[in-house]
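K.L.:
The following block contains the structure, expressed as structure tokens.
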Amino acid sequence: MIPVELNGMIEDAENSAWKTMFLKGDTYKNYSTLIVIATRGKKTTTCKCECGKDVSIEYQVGFHPWIVEAWKRLIKPMNIPVNEIVISGYEVGDAYEEAITQLLENPQLAQFKYVLFMEDDVIIPYIPGSYGPLIEMYKHLEEYDVSSGIYWTKGDPSLPLIYGDGDINSDKPFEVNTNWRPGDVVNVNGAGMGFALMKRSIFEDPKLTRPFFKSVNEITESGPVGFTQDLYFYKKIKEAGYKICVDTNIRCGHL
């Protein structure tokens, strides 16, 4: 048998399709991931009975078919643990806090190195020429602690959920950042958490106190203060020295 180097095999292959037989990248690494899915749970509506009385009906809010179809395209790492946990019926900040409690206190979840947060109104994109958005996001965790796709606010105008330029000590650390071009990986202070991948070790850092996630809407001595659960979390970890990025090539839909 004649020894042949792998690079030589790729370079000398006459058939270009042969190159696709080789899996490039780092998918062989331990990317064990717990996927946290926060759903809106139950809702109540009122309708008229035939007798004329108002009747309250409680029903479960399920996933939109578009969301389910998008999740089918989520290519996951092979041969390592990847599992989903659905937290239903909580306010979103409480849902995430409950998920992290289970992650840290359940011995069966001790093996997971990463946490992927997904929300049921975010559509995961198909990215031609790649192994999918999740695999792309893992690549950024060599340099960053959190990697997120990009999506936009609901309403008009619709603004990108990219906040700050990575400097938490700037005058406006959570101002909307538009200083980027499509395809850029942007160093930020905050982003949406509808499709966000992060290291488990963040939640094991003794410098960080609970809660990790909290929706804030209150009046203080200096005026009104409002934070969604994602920016509350990102502010906490940025002040502790963690790094966050948004991959603008992963453009998600937002129902």
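The values are calculated or read from the model by the stated rules, or taken from the named source; none is laboratory data. Just so it is clear, the model here is predicted, and its values are computed rather than measured. When we count neighbours, we look across all protein chains shown, and the Cβ atoms used for this are built from the backbone with ideal geometry, even at glycine. Ligands, DNA and RNA are stripped out before the accessible areas are found, and what is left, the full protein with its side chains, is counted by its heavy atoms. Shrake-Rupley method; radii C 1.70, N 1.55, O 1.52, S 1.80 Å.
K.L.:
Looking at the structure I just gave you, is residue 255 on the phi < 0 side of the Ramachandran plot, in contact (Cβ under 8 Å) with a residue 60 or more places away in the chain and touching a Lys or Arg at 6+ places or on another chain (Cβ under 9 Å)?
P.N.:
Here the answer is yes, as residue 255 does meet what is asked.
K.L.:
Pairs under 7 Å by beta carbon, first residue touching a residue at least 12 places away in the same chain (Cβ under 8 Å) and part of a strand (DSSP E or B) in segment 238-252, partner among the aromatic types (Phe, Trp, Tyr) and surrounded by fewer than 22 Cβ atoms within 10 Å (Cβ to Cβ), six or more apart or different chains?
P.N.:
Close Cβ pairs (under 7 Å, with a partner that is among the aromatic types (Phe, Trp, Tyr) and surrounded by fewer than 22 Cβ atoms within 10 Å (Cβ to Cβ)) amount to 248/180.
K.L.:
Quick one: is residue 233 out of contact with any Leu (no Cβ under 7 Å at 6 or more places or on another chain), within 23 Å of residue 110 (Cα to Cα), open to solvent by less than 50 Å² (accessible area, probe 1.4 Å) and at pLDDT 95 or above?
P.N.:
yes
K.L.:
So which of 119, 136, 143 is open to solvent by 20 Å² or more (accessible area, probe 1.4 Å) and within 21 Å of residue 68 (Cβ to Cβ)?
P.N.:
Checking each option against the conditions leaves just 119.
K.L.:
Here are 127, 87: which of them is in contact with a strand residue (DSSP E or B) (Cβ under 9 Å, 6 or more places away or on another chain), modelled with pLDDT under 90, among the β-branched types (Val, Ile, Thr) and more than 25 Å from residue 212 (Cβ to Cβ)?
P.N.:
Criteria check complete, one pass: 127.
K.L.:
Hey, another quick one. Looking only at segment 74-116, count how many residues are surrounded by fewer than 18 Cβ atoms within 10 Å (Cβ to Cβ) and touching a Pro at 6+ places or on another chain (Cβ under 8 Å).
P.N.:
2
K.L.:
To continue, here is another question. List the pairs whose first member sits in segment 207-218 and is closer than 18 Å to residue 117 by Cβ, whose second member is part of a loop (DSSP other than H, G, I, E, B) and open to solvent by 50 Å² or more (accessible area, probe 1.4 Å), and whose Cβ atoms are under 8 Å apart, counting only residues at least 6 apart or on separate chains?
P.N.:
As it stands, the answer is 215/91; 215/228, since those pairs meet every condition given.
K.L.:
Further, regarding this structure: Taking the condition part of a loop (DSSP other than H, G, I, E, B) and either in contact with a Ser or Thr (Cβ under 6 Å, 6 or more places away or on another chain) or of a type in the set (A, V, I, L, M, F, W, C) (or both), does residue 78 pass?
P.N.:
In short, yes.
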